[in-house]
């Protein structure tokens with residue numbers, strides 16, 4: 001059961017520090033929030049922030065994770081790779097390359113860990129785990145596919161997406 005839970009979870013852990021916050025946002029605005037649950041377990045609370053405007057893929061935004069349980073790095077990577085496979089136009093070659101990116105940026109998390117993923121212009125994505133230095137990947141296809149896990153039209157979690165985008 002633990003393995004199933006871990007396989008369905010997919011987020012990196014990142015934290016919101018002043019330097020990263022200043023680079024990404026002047027005055028963050030909460031757009032929506034929700035909780036990822038797998039079976040009866042809460043995995044994390046998730047919030048979507050923008051730089052004060054409505055959500056748009058062309059503008060800066062941030063997903064903030066507040067973890068409700070411990071997750072191993074390998075479990076998060078495996079779950080992310082499975083989500084990539086569900087997306088249209090993602091090839092096996094893409095997935096293999098993106099696995100290298102995930103190995104570089106994903107960290108294990110503990111209950112109570114806060115983490116952020118910043119989506120910035122021109123395919124830049126910043127992963128920031130609480131208490132650690134941020135990691136940046138500049139690859140537009142990877143950034144979009146990773147963020148599509150929660151925000152894409154074809155997400156495996158449409159209810160959570162609607163909550164994040166405040167579309168009820």
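Observations
- Given (1) surrounded by fewer than 13 Cβ atoms within 10 Å (Cβ to Cβ); (2) under 26 Å from residue 30 (Cβ atoms); (3) free of Cβ contacts under 8 Å to residues at least 24 places away in the same chain; (4) touching a strand residue (DSSP E or B) at 6+ places or on another chain (Cβ under 9 Å), index of the condition residue 153 fails: (4)
- Residue in region 147-154 that is at pLDDT 95 or above, more than 25 Å from residue 32 (Cα to Cα) and touching a helix residue (DSSP H, G or I) at 6+ places or on another chain (Cβ under 6 Å) present: no
- Residue count for region 127-139, restricted to those that are outside any strand (DSSP E or B) and either farther than 26 Å from residue 96 by Cα or at pLDDT below 95 (or both): 5.
- No other residue among 73, 111, 159, 85 is free of Cβ contacts under 8 Å to residues at least 24 places away in the same chain and either over 20 Å from residue 45 (Cβ atoms) or out of contact with any helix residue (DSSP H, G or I) (no Cβ under 7 Å at 6 or more places or on another chain) (or both) apart from 85.
The values are calculated or read from the model by the stated rules, or taken from the named source; none is laboratory data. All figures in this text were calculated on a predicted structure; none of them were measured in a lab. Virtual Cβ from ideal backbone geometry, glycine too; neighbours counted across all protein chains shown.
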